[in-house]
Structures are given as C-alpha cells and as structure tokens.
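Asks: Would you mind keeping the following structure in view while I ask a few things?
The values are calculated or read from the model by the stated rules, or taken from the named source; none is laboratory data. Model, not experiment: these values are computed from the prediction. Here the Cβ positions follow ideal geometry from the backbone for every residue, glycine too, while neighbour counts run over all protein chains shown.
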Amino acid sequence: MDPIAPQVLDISMGKRYFLFIMACTHVLLASGEAYGWTALRPVLEKSGLFDAYDVPTRRALMNSVATMGIAGNALCKLPLGMLLDRFGPRVTSLTGSLLLIAGCCTLALCDKNSQYLPVAGYFLLGIAGPFIQMPCFQFSELFGTRKASAMAYLITCFELSTGVFVVFAELNTSYGLDRRELFLGYAFVGVYCLLTGIFFWPDLPYRSTPPPQPPSDHGGNANVRRKAEPQPLRTTPALMDKPLSVQICSVPFLYVVCFLSTHIFRQGFLLGTVGPQVESFFPEAEFPGKAQQLKDSFNIILPLGFIPMMFCTASGFAGYVLNRPRLAFIVVTL
C-alpha cells in the first residue's frame, strides 16, 4: 500500500458512507448520460437542431452527434487511466467536471445549424462521464470485504444515469423547457461535481488496509520452527505489477480489448440508430404514431435496466459474481 495514500482505518464509518453516497450522486448524475441519446434526440429535433438541412442530411448530422458522444465515452478510458494514475482522483474529477460544463454550455449556446459545435458539445459530454465516474470507484475500497458490493452499487448508478435525458424529455414536454434552458440547467451538475471534488476527493486513491500479519514467535522453539518451514518458491510477478507497456502488449489485455470493443460497438450502434430504424420500419404515413410510441417505450426501458441490477446488488449476488472473474465473464456473455 502506498505509504502516503489515505489510511482507510483512520476514517470513521459515518464519513465513509458520506463519501460513498456523494460518489454515487456523481455517477448517477453525470457518468452515462451519453447513452441516453434516444431520449435526447426528439428534444433536439423539436428545438430545431439542423432544421436548415434536408431530411437525409439532418439524419446524418444527428447520427454524427450520437456517434461522437458514445465513442468518446468509450474510447477515452485508456488516457483517462493514465491521467488517474499520474494525478489522482481529485484532478481527474475536476477535469471531468469542467468538460461537462463546457459540453453543456456548447450545446446550449451553439448555433442550431452549425455542423461542428453540437458534435463537439456532445463529444465533451461523452468524455466527461468517465472522468467523473472512474475516480468514484476508489471509494469502494472504504468497505474492505464488501468492496464488490459497493462497486455493484456504483455500477447500478451508472445504469440509472442513462435516464438523465429522459428527464430532459419530460421537462421539455411538460414544462416547455428548450435546449438552451435544459443544458444550462444541467451545467449546474458539473458545478456540483466540481465543488465536491475540490473539497472531498483525495489526491491519492484510497487503498484497503491488508489484514495484520500474525506475530512472530520469539520463544525457544522459533529456530526449530524456522528450520521446519519450507523455503518459499520463486514466483514471477503478477501482470498487474509489471510495467504498463508489458500489460498493454499482453494476451489477456488484448483479449479484454477485443471483448469490450465488440460490446461497445454493438451498444453504440443500437443506441445511435434505433430511432431511425424504427422510423424506417414504421413510416408515419402507414403507421401513425407507432414509431414515436416504440421510441418512447425504448426510452423508458433503457434506464430501467438498473432494476435487475439493483436486486442483484441488494441480494449480494452481484458482489458474489464480481469476486469471481471467470463467473463474471460467463454471466456477462450470457
């Protein structure tokens, strides 16, 4: 354990819960909103985004916005990990908060027919999510043997964060809030993450304290026992203890990259194209209101994916699976 990292044993249980709840709010409000594109798209269309272009061009520009946001969220993880290792949770979280504020202001104030600013704004929102989310995972270290369960709660909050833009859609429909008002209001979430990160996030990640070693025997039989003990075997260092260049070039790392790339591509393709696909299969002229009904249903179902995760977390099943990597891989694959 890093000798200058925060000592978990020195933190009261009340403060541990306070920090963890605050981390959950960060993840809940500002980590996976880019994946709620299906709910945001009708709001942007209603606000007149790209309305100066013909239908095919407008659709292509909308898809570009979604692609850049979702791809940015997925692909920034490697440089983010390097930044987190080098500068710690506080700086990483502050960077994500500033990116979130910048993305919200860009989407709120940009020209609605600009081909680049909406794309840049949603890209900033996309990459801001992991910068805010990743520093929060260290707070699971505050709970020792319950670390996996704490991690599962954070993952549940991430799943629920995809419903942020569902709230946008409801505010737009019920109260008439436009794109400018919605994103300027959402910028205050970035301000909240910025202030709480400054005052409560540590400069170095928390580390669980290893269990104490049993006291050595200094009695008369110590020499006899020492002679009877077998000599330790010489082992090679674990992959996580090797240099980063070795880890990146290793077979397990490349295997995980292939697995995650396939999953992220499938997820991004679905989220970015489900709206146009529904409109194509159910034209408004032949099926009045059907496409909108299906898109509204999808917008509700997507964030509600947290419900089974919530039950798995509360029952302890999620922690049981996460503590067993091979079982976790099988569950995810199924």
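Asks: Is there a residue being within 30 Å of PHE253 (Cβ to Cβ), of a type outside the set (D, E, K, R) and at pLDDT 90 or above anywhere in segment 104-115?
Replies: no
Asks: Looking at GLY144, is it of a type outside the set (Asp, Glu), crowded, with 24+ Cβ neighbours inside 10 Å and either part of a helix (DSSP H, G or I) or more than 17 Å from the chain's Cα centre (by Cα) (or both)?
Replies: Here the answer is no, as GLY144 does not meet what is asked.
Asks: Looking at ARG41, ARG58, can you tell me which residue is basic (Lys, Arg), assigned to a helix (DSSP H, G or I) and in contact with a helix residue (DSSP H, G or I) (Cβ under 6 Å, 6 or more places away or on another chain)?
Replies: ARG41
Asks: While we're here: Take segment 58-106 and flag every residue that is surrounded by 20 or more Cβ atoms within 10 Å (Cβ to Cβ) and not hydrophobic (A, V, I, L, M, F, W, C).
Replies: Of everything in segment 58-106, those that are surrounded by 20 or more Cβ atoms within 10 Å (Cβ to Cβ) and not hydrophobic (A, V, I, L, M, F, W, C) turn out to be THR67, GLY69, GLY72, ASN73, PRO89, THR92, SER93, THR95, GLY96, SER97, GLY103, THR106.
Asks: Quick check on this structure: which one of LEU44, LEU94 is at pLDDT 90 or above and under 17 Å from the mean Cα position of the chain (by Cα)?
Replies: None of the other options fit; the residue is LEU94.
Asks: If a residue has to be in a helix (DSSP H, G or I) and at pLDDT 55 or above to count, how many in segment 220-261 make the cut?
Replies: Of the residues in that region, 19 qualify.
Asks: Would a scan of segment 64-86 turn up a residue that is more than 30 Å from LEU254 (Cβ to Cβ), assigned to a helix (DSSP H, G or I), touching a Lys or Arg at 6+ places or on another chain (Cβ under 9 Å) and at pLDDT 90 or above? Even if it seems obvious, please write down each step before you answer.
Replies: Within segment 64-86, the first condition is being more than 30 Å from LEU254 (Cβ to Cβ), and the residues that meet it are 65.
Add one more test, that the residue is assigned to a helix (DSSP H, G or I), and what stays is 65.
Filter once more, so that each one left must be touching a Lys or Arg at 6+ places or on another chain (Cβ under 9 Å): 65.
Then drop every residue that is not at pLDDT 90 or above, which leaves 65.
Taking every residue of segment 64-86 in turn, at least one turns out to be more than 30 Å from LEU254 (Cβ to Cβ), assigned to a helix (DSSP H, G or I), touching a Lys or Arg at 6+ places or on another chain (Cβ under 9 Å) and at pLDDT 90 or above.
Asks: Identify the residue in segment 241-280 that is under 30 Å from GLN292 (Cα atoms) and among the small types (Gly, Ala, Ser) and, among all such residues, is nearest to the chain's Cα centre (by Cα).
Replies: Once the filter is applied, the top-ranked residue is GLY268.
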